[in-house]
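> Here's a structure for you.
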Amino acid sequence: MRPPPRFTYPAIAAATALAISAVRLPTPSFWSDEAATVSGSTRTVGELWELVHSLDAVHGVYYTIMGRWFELVPATEGWARIPGLLAVSATAAALVVLVSGFAGRRIGLIAGLLFGLIPQVTWAAIEVRSYSFTMLLAACLGLSFVGAVRSGSRIRWLGYAVLIVVGCLLFVYTVLLVPVHAIMLAAMGTERRTRIRFLCSAGPAVLISAPFVWFVSTQSGQVGWISDLGFPTPIRVARQYADNSSLFVVAAAILVSAAVVVGHEPLRRWSANPYRQLWIFAVAWMAVPTAAILLYSAVSDPIYLDKYLSFTAPGLAIVLALSIHNLTRSVVGVGVCIGLVVASAAPIYLHQRTEHAKLGMDFSDVAALLDAQARPGDCLLLDDTVTWKPGPIRAMTASRPDVFDAMVDVGLGKRGSATGKMWDQNLPPDRVREQIAACEVIWTVSQKDPTLTDRESGIALPPGPQFARHPAFFVPAALGFRLIERWQFNQSQVIKAVRV
C-alpha cells in the first residue's frame, strides 16, 4: 500500500487539536489576565512602549502581535482566542514532524494527537495570553535545532539563533530550551564541528537576549504575588501539565510506568533502546526548564508557576507517545491507551469550557448584561471595595472596552494608557458626587451578595447587608437614587438605580 503524503499526519494532528480546543471557544468569561492582554494590545505604539518600559516588558511582543489581530477583528471572547487556538493546532503539526524525524511517522502522529489532549494545552488554547505561542515557538525551535544539526547549514544555524532571540522576546523563559538542546546535542553524538556551530549560534543569541532578560527581571514586582516554594510544591510540579487534574496525572503515570516495566523495548537496557535520543530530548524538554525555575525560586524570588512552563508541554506528549508505542504496536492497543488519556482529561476539559472556569470570574456576564440593557447616556459606577482576586475591579472595564467605553464612567480617573499602568484609575464615589448627580440612570457593579436572590426588580429594592455598607450605594442614595433592578452572577452583582 502506498504511504500517505508527508503532510497528512501533521494535518491530522493539527485538525484534531483544533477541533478539540475549539469547542465552546467563546464560552468562558474573560478574566483579569485576558483583560490585561486586551488592555495592552489595544494601545497605540507610544502607549504600549510606555507600558512595556514601566511595567510589562515580558509581554510586549505578544501585545504587539495581538494588537495587529485586534485591528482586524473585535476584542471579544471568541475572536480574541482564535490566535491561541491556531497556535496550538500548528504546534501539534510541528510536533508530528519533529518526532517523525527520530521515531517514524506513526509515533509522530501519536505524539501530535496526545499533545492536543493535554489539559495544559486545551487550557492554553482558549487563554488570551502568550502560552500557546510559546508552545509553538518551542516546537519550531526544536525543529530548527535538529535541522541545523543534521544539515550543517550555516543558514539553518543562523535561523536557529534568530529563533532563540525571538523566543526570548516573546517569553523569557524559553531561553531555557538552549541547555535542553545542548543535552540533545551530546545525546546525538555529533561531531566537534557541529558542537562548535551550536556554540557559535546559541552563544551570541543568548548574549543578545541577556539585556532583555535583565530588564524583565527589574520588573519582577508584577509577579510578587507568587507563593514561595514549600510543602505543596511537589504536588504542583506533578500537576504541571494537568491543570490540577489528579486523574490525568494518574493516567499518565500508569502509561509511563507500564512502558518501563512491561514494554516491548528494553528501557532498562538504556543503550539498546532505539528511541534513546528522543527519550532524552523529551525528558530534558520537561525537566531542565522546570528544574531551573525551581532552583531560581529556591535561592532568589519565587517565580514558579505551572502555566509559565507551558512551552515544555510538547515534551510530555513525546514521553506519552513513546510509552504507548512501547506498550503496544496494534492499532487497537494504541486506541485503548489514547482512550485512557481522553477519559482522564475529560473532566478538567469540560470544566475549562464552562462559563466561570477562569477563577470564577464573570466579566463577560456583566459586559453582556450592560450591552443588552444599558442605554446611551447611562452611567457606570464601579464599587472598588470588591475582594475577589486577582483584582482590581478596573480589570473588568478593560476586558470589553467596546461595552464599557460606551457608558458614562463616573468613577474613571486617569487612563492607564496615559500613565503607563495596566489599569485605569478608579475614583471613589465621594470624589465624583457632581458626576453622579448629573446621571439619570446608574449601573453599579459590586460584589455578589449570597444573602440575596440572583434576580430582583421593584420600585425601591433594599441594598442588602453587603452593598449597604459601601459608598457606591450610600453616595448615590443621598443624591436621590433608588435601586430598581438587580442581577447577580458568579461573583458580581449589577444594580440599576434611577433618580426619584
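The values are calculated or read from the model by the stated rules, or taken from the named source; none is laboratory data. Keep in mind the model is a prediction, meaning the values are calculated, not measured. Note that each Cβ is placed from the backbone with ideal geometry, even for glycine, and that neighbours are counted across all protein chains shown.
> In the stretch 163-194, what residues are of a type in the set (Gly, Ala, Ser) and in contact with a Ser or Thr (Cβ under 7 Å, 6 or more places away or on another chain)? Walk me through how you get there before you give the answer.
First pass over the stretch 163-194, keeping only residues of a type in the set (Gly, Ala, Ser): 167, 182, 186-187, 189.
The answer is Gly167, and nothing else.
> While we're here: So how many residues does the stretch 28-70 have that are in a loop (DSSP other than H, G, I, E, B) and in contact with a Ser or Thr (Cβ under 9 Å, 6 or more places away or on another chain)? Can you show your working first?
Taking the stretch 28-70 as the starting set, the residues that turn out to be in a loop (DSSP other than H, G, I, E, B) are 28-31, 42-44, 55-56.
Right, trim to in contact with a Ser or Thr (Cβ under 9 Å, 6 or more places away or on another chain) and you get 28-31, 42-44.
Number of matching residues: 7.
> From the list Gly108, Gly112, Gly101, Gly78, pick out the single residue that is within 19 Å of the chain's Cα centre (by Cα), touching a residue at least 40 places away in the same chain (Cβ under 8 Å) and on the phi < 0 side of the Ramachandran plot.
Matching residue, one of Gly108, Gly112, Gly101, Gly78: Gly78.
> A further question follows. Check Val213, Val128 and return the single one that is over 20 Å from the mean Cα position of the chain (by Cα) and among the β-branched types (Val, Ile, Thr).
From the options Val213, Val128, the qualifying one is Val213.
> Right, something else. Which one of Ser32, Ser21 is in the same structural domain as Ala111 (by TED's automatic domain parsing) and crowded, with 23+ Cβ neighbours inside 10 Å?
Step by step, each of Ser32, Ser21 is checked, and only Ser21 is in the same structural domain as Ala111 (by TED's automatic domain parsing) and crowded, with 23+ Cβ neighbours inside 10 Å.
> Of all residues in the stretch 92-122, which are surrounded by fewer than 24 Cβ atoms within 10 Å (Cβ to Cβ) and not in a helix (DSSP H, G or I)?
Within the stretch 92-122, Gly104, Leu117 qualify.
> Then there is this: Failed condition for His325, given (1) over 22 Å from Val88 (Cβ atoms); (2) surrounded by fewer than 16 Cβ atoms within 10 Å (Cβ to Cβ), with all others met?
(2)
> Then there is this: Please determine, by comparing only the residues of the stretch 144-165 that are surrounded by fewer than 18 Cβ atoms within 10 Å (Cβ to Cβ), in contact (Cβ under 8 Å) with a residue 40 or more places away in the chain and not charged (D, E, K, R), which one is farthest from Lys307 (Cα to Cα).
For the stretch 144-165, the residue satisfying everything is Gly152.
> Then there's this: Does Arg482 satisfy the criteria of being closer than 21 Å to Gly377 by Cβ, at pLDDT 95 or above and surrounded by fewer than 21 Cβ atoms within 10 Å (Cβ to Cβ)?
yes
> For the stretch 240-264, enumerate the residues that are crowded, with 18+ Cβ neighbours inside 10 Å and of a type outside the set (Ser, Thr, Tyr).
Gln240, Ala242, Asp243, Phe248, Val249, Ala251, Ala252, Leu255, Val256, Ala259, Gly263
> Now a separate question. In the stretch 210-254, which residues are part of a helix (DSSP H, G or I) and free of Cβ contacts under 8 Å to residues at least 12 places away in the same chain?
Ala210, Pro211, Trp214, Ser217, Gly221, Pro234, Ile235, Ala238, Ser246, Val249, Ala253
> Condition test on Arg394, is it closer than 19 Å to Lys448 by Cβ, of a type in the set (Lys, Arg) and at pLDDT 95 or above?
yes
> Now, a different point. Yes or no: Ser399 in the same structural domain as Ala472 (by TED's automatic domain parsing), in contact (Cβ under 8 Å) with a residue 40 or more places away in the chain and either touching a Phe, Trp or Tyr at 6+ places or on another chain (Cβ under 7 Å) or among the acidic types (Asp, Glu) (or both)? Please lay out each step first, then the result.
Details: in the same structural domain as Ala472 (by TED's automatic domain parsing): yes; in contact (Cβ under 8 Å) with a residue 40 or more places away in the chain: yes; either touching a Phe, Trp or Tyr at 6+ places or on another chain (Cβ under 7 Å) or among the acidic types (Asp, Glu) (or both): yes.
The answer is yes for Ser399.
> Oh, and also: I'd like the full set of residues that are among the small types (Gly, Ala, Ser) and under 14 Å from Ser446 (Cβ atoms), limited to the stretch 456-496.
Of everything in the stretch 456-496, those that are among the small types (Gly, Ala, Ser) and under 14 Å from Ser446 (Cβ atoms) turn out to be Gly464, Ala468, Ala472, Ala477, Ser492.
Conditions (1) over 30 Å from Leu255 (Cβ atoms); (2) modelled with pLDDT of 95 or more, marked per residue:
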residue	(1), (2)
Ile318	no, yes
Arg329	no, no
Val334	no, yes
Ile338	no, yes
Thr354	no, yes
Phe363	yes, yes
Trp388	yes, no
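> Then there is this: When the stretch 5-18 is examined, which residues are found to be of a type outside the set (Phe, Trp, Tyr), over 23 Å from the mean Cα position of the chain (by Cα) and either in a helix (DSSP H, G or I) or crowded, with 16+ Cβ neighbours inside 10 Å (or both)?
Applying the first criterion (of a type outside the set (Phe, Trp, Tyr)) to the stretch 5-18 yields 5-6, 8, 10-18.
This time we only want the ones that are over 23 Å from the mean Cα position of the chain (by Cα), so: 5-6, 8, 10-12.
Once the filter is applied, which keeps residues that are of a type outside the set (Phe, Trp, Tyr), over 23 Å from the mean Cα position of the chain (by Cα) and either in a helix (DSSP H, G or I) or crowded, with 16+ Cβ neighbours inside 10 Å (or both), the stretch 5-18 yields Thr8, Pro10, Ala11, Ile12.
> Sticking with this structure for a sec: Going by the conditions given, is Leu207 aliphatic (A, V, I, L, M) and either in the same structural domain as Gly391 (by TED's automatic domain parsing) or free of Cβ contacts under 8 Å to residues at least 24 places away in the same chain (or both)?
Yes: the conditions hold for Leu207.
> Run down Ala139, Ala148, Ala161 and say which single residue is in the same structural domain as Val206 (by TED's automatic domain parsing), in contact with a Pro (Cβ under 6 Å, 6 or more places away or on another chain), within 25 Å of Arg193 (Cα to Cα) and at pLDDT 95 or above.
Going through Ala139, Ala148, Ala161 in turn, just one is in the same structural domain as Val206 (by TED's automatic domain parsing), in contact with a Pro (Cβ under 6 Å, 6 or more places away or on another chain), within 25 Å of Arg193 (Cα to Cα) and at pLDDT 95 or above: Ala139.
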